[in-house]
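Asker: Provided herewith is a single structure, encoded as structure tokens, for subsequent inquiry.
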Amino acid sequence: VHFALLQTEALKPLGFAPGPDKVTYEDVCERHVVTLNCSSESVFTLIGANLTNAEQSVQALRAQGDPSLGKVLSGDSSALRLFYNVKTPEVKSRRLFAESNPAKEKALAWEEAFLVAEKARPHRGTGGLLEVYCMAGRSVEDEISKNVIGAAPFMAGAINLILIFLAVLLGGKPCQRSRFLLALGAVAVIQLAQVAGFAITVVCGAPLTDMTLLLVFVAVGVGVDDVIVITDAFDQQDVTLPIARRLAGAFEHAGLAIFLTSITNLVAFMVSATSDLPAIAWFCLTAGWVVSALLVLTLTLYAPLLLLDERRRAAGKYDCLVCVTAKNRVPESEVAHEAARAQDPGLLRKVLKRALLPVVCQPVPAALCVVVMLALAAAGVAAAANPASFKMGLDLKDSFPDGSYLVTYLDVILPRHFGGIVSPLEILVQGVDFGNLALQERLVKLQGDFAGCPQALGAVSSFILPMRSWENCTVDGRAVAGQSFEARLKAFLASPPFSSCGSLGGSNSSQVHPSNYASSIAWNSDRSRVEAVRASLSITVSSKVQGRIDSMSEFRDRFATHGLSGFVYSYYFLFADRDAKMWELIQSTLIYAGITVVIIVGLFVHPVATALIALSIACIDSTLLGLMSLWDIPIDAISFICLAMAVGLSVDYVVHLAHAALENGMPKGRAAVRKQIEKALDTTGASVLKGAVSTLLGVLLLSAAPTAVFRLFFKMLS
């Protein structure tokens, strides 16, 4: 009954016709190189359509050690896998406006319709006997995209929260003296900078990825900070001066700091863009252009908006209704009182002065702060020196949205029935004389070695032993004896199925289909010489990143011991290779970015201040690494990007404060030190704190996002 029901289930997708274009499986399937039939894989392709003796047939295949069985049937025969191989053409261009690929679009459309149809089906089949799960080639990318879709409301909420907070921070009493319209303009400037950065990135040929959305917080963090710094500097100018002169004074005080922080951010991201990992390189390249656009637009667009809004306030016009003049204008005395409050230290500035000034200006408290800061940094360095203290990569369940069907299938169902995710392992050998008998024996030994590894499901599939069986067991095989290896191989591949009379290297399957091996042999241009051969093996793949890295290294070391030219490959190697190099890339990128930033700062700032800035940035990033180890944050592309952002944001905050403290040169004497630090906290400290709090408020919303990726982002930036 199980087999009959499953065969019925299996045949349904073959005639599925979704949408008006009537795309069927026949239109998108991967075809056999010889028969040109659709190459689906299941127990039914092994035992045939006659299910009368299905149980006996399966038992015979299991006894014979058929290498194809472990991929489609669990060891206890309680689960089957049905494969419908879809041909997905390679995407040759990832540009935003690249030409469409009709074949690719058709394959994706069929896969989407297949998933919709299978998910709509009752979870249990007739009589409650079956549990059906499915996935397609597009499933992983679709589910990862849902990470962004699920987090979109939280991202929008974060932006709105920052907008409201920014309107409050910019000050003014509703509705004439408030600056809500100016806050809207500031947000528009920040969004326009992102659009400009994205456009420049596309022109440069780099694609925009899902990670690009994370740039919202880079742009908001840097942009809001610069807006607040300029606005506070403007409000601190003498109100008796003309508005344009006050804006010039704000530029004189804050313009150089904004320019310097933007340049250092740009350099940090551009250095990080040299990463060997394309996704991270593209992200950092885009971030660099966004930061550049923020600098230009803040000075050329937000500053005029600030001037126009101040003229509106002076004229007594309503906020957001700039053409309407209030009948009851704000009295001059209240305007003067508001200006006096801007000159007088507010609550935030008073708190900074009373809480921080005694700590940083008195020898003993300052020394204790330095010791604590250096101790935290040392702990972070110690953690960084021991990569084993960090978790490597995201767990499978954290890569997809909460409750994803892929997590159930890949992390629960497959491990339960097949010991883990099942993936083909390809063993490629090239550049040798395949007709040499000694070389063939080495290949047979290699096959046996791989078939004996713990992850193997069955024997290795290769043409060598089946070809020998054909030569010994069939009339056609014996008839070509004495011919060249290439001639015998061509005759073997063209021969009909036959029954073997000997062992096939772990598989005693009596039925051999020579045409199945045609796709695993690469010929030269005139088909006179075999240049490479490929053997395949089904293996189980760990759901843990470190397990995949260890497995990849084991397979490569195993191949290297045989001294053959070639390599082993599995799809998961793409990600395991990336994860294995991640820690090395993070260390080198942070070091090079930090050194470059310090050099740039040194061109504009006093050497002593440059050294202090370098020490502060190093302590911040080292402490962050220690917190990653303590909070069990994995070393992954997301954490790499967050660390790159941390460099930019820490540079932004530290350089603003250092520039404000040393604007009038290096202080001489303790009294001068206290005075300049007090001035820095009064003029810039509160502005930097406002910017940091606004970014933190936005990030806090991500703690409730329905995906672990964005919750990780919250942990890193909070």
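The values are calculated or read from the model by the stated rules, or taken from the named source; none is laboratory data. Remember, predicted model here, so these are calculated numbers, not experimental data. Ideal geometry is used to build each Cβ from the backbone, glycine not excepted, and the neighbour counts take in all protein chains shown. The area values use the complete protein model at the heavy-atom level, side chains included, leaving out ligands, DNA and RNA. Shrake-Rupley method; radii C 1.70, N 1.55, O 1.52, S 1.80 Å.
Asker: Show me the ranking of peptides 217-226, 542-551 by mean Cβ neighbours inside 10 Å, starting with the highest.
Answerer: For the peptides 217-226, 542-551, the packing ranking is 217-226, 542-551.
Asker: When the accessible area of the chain is computed with all protein chains present and a 1.4 Å probe, what percentage of it is carbon and sulfur?
Answerer: Whole-percent figure for carbon plus sulfur exposure: 62.
Asker: If you don't mind, there's one more thing I want to ask. So which of LYS106/LYS397; LYS87/LYS581; LYS146/LYS544; LYS71/LYS490; LYS119/LYS397 end up more than 24 Å apart, counting from Cα to Cα?
Answerer: LYS106/LYS397; LYS87/LYS581; LYS71/LYS490
Asker: Can I ask one more? Expressed as a fraction of 2.2 N^0.38 Å, the rule-of-thumb size for a compact globular protein of N residues, what is the C-alpha radius of gyration of the stretch 546-634?
Answerer: For the stretch 546-634, the normalised Cα radius of gyration is 1.65.
Asker: Here's something else I'd like to know. Between ALA385 and VAL360, take the C-beta separation as r, use R0 = 30 Å, and let me know the FRET efficiency to the nearest 0.05.
Answerer: 0.50
Asker: What are the aspartates and glutamates whose alpha-carbon lies under 16 Å from the alpha-carbon of LYS317, with same-chain residues fewer than 8 places away excluded?
Answerer: Within reach: ASP309, GLU332, GLU334.
Asker: If you don't mind, another one. What spacing in nm lies between the two simple spin-label points modelled at SER718 and ASP276, each 7 Å away from Cα in the Cβ direction?
Answerer: Taking the simple label geometry, SER718 and ASP276 are separated by 3.5 nm.
Asker: Between LEU307 and SER588, what is the label-to-label distance in nm when each label sits 7 Å out along the Cα-to-Cβ direction?
Answerer: Placing both labels 7 Å along Cα→Cβ, they lie 4.8 nm apart.
Asker: Would you mind calculating the gained length between LEU574 and GLN56 on full extension (0.36 nm times residue separation, minus the Cα-Cα distance), in nm to one decimal?
Answerer: Result: 182.5 nm gained on full extension.
Asker: Further question on the same structure: Can you compute the FRET efficiency between LEU192 and VAL324 using 1/(1 + (r/R0)^6), with r the Cβ-Cβ distance and R0 = 41 Å? Round to the nearest 0.05.
Answerer: So the FRET efficiency works out to roughly 0.95.
Asker: When the Cα atoms of the chain are enclosed in a convex hull and the volume is divided per residue, what value in Å³ results?
Answerer: Here the figure is 200 Å³ per residue.
Asker: What relative contact order, as a whole-number percentage, does the chain give when Cα pairs under 8 Å and 6 or more residues apart are counted?
Answerer: This gives 20 percent for the chain.
Asker: Any chance you could run the full-extension gain for ALA375 through THR596? It's 0.36 nm times the residue separation minus the Cα-Cα distance, nm to one decimal.
Answerer: The span from ALA375 to THR596 would gain 77.1 nm if fully extended.
Asker: Here is a further query. What is the calculated FRET efficiency for SER484 to ASP550, with r their C-beta to C-beta distance and R₀ = 51 Å, to the nearest 0.05?
Answerer: After rounding, the FRET efficiency stands at 0.75.
Asker: Check the cysteines of the chain one by one and keep only those with no other cysteine Cβ under 4.7 Å from their own.
Answerer: When partners are defined as cysteine Cβ atoms under 4.7 Å apart, the chain leaves CYS134, CYS175, CYS204, CYS284, CYS320, CYS323, CYS361, CYS369, CYS453, CYS619, CYS642 without one.
Asker: Next up: Which residues' amide hydrogens lie under 5 Å from the amide hydrogen of ARG529, considering only partners 5 or more residues apart or on another chain, with H built in the peptide plane?
Answerer: Under 5 Å from the amide H of ARG529: ASN524.
Asker: Gap in Å between the Cα centre of the stretch 271-328 and the Cα centre of the stretch 402-466?
Answerer: 56 Å
Asker: Right, another one. Packing-wise, with mean Cβ within 10 Å as the measure, how do 649-661, 529-541, 265-277 rank, highest first?
Answerer: 649-661, 265-277, 529-541
Asker: Accessible area per residue of the chain at 1.4 Å probe, in Å²?
Answerer: Normalised by residue count, the accessible surface of the chain is 47 Å².
Asker: Tell me the label-point distance for the pair LEU437, LEU36, using the 7 Å Cα-to-Cβ offset, in nm and rounded to one decimal.
Answerer: Once both label points are built, they end up 4.1 nm from each other.
Asker: Sequence gap at least 6, Cα distance under 8 Å: using those rules, report the relative contact order of the stretch 358-516 to the nearest whole percent.
Answerer: Reported relative contact order: 13 percent.
Asker: Suppose the chain between ILE149 and LEU368 were pulled fully straight at 0.36 nm per residue; how much longer would it get relative to their current alpha carbon spacing?
Answerer: Taking 0.36 nm per residue and subtracting the Cα distance, the gain is 74.2 nm.
Asker: Report, ordered by chain and residue number, the aspartates and glutamates lying within cross-link reach of LYS679, taken as a straight Cα distance under 18 Å and ignoring same-chain residues fewer than 8 apart.
Answerer: In chain and number order, the partners are ASP232, ASP235, ASP238, GLU252, ASP344, GLU663.
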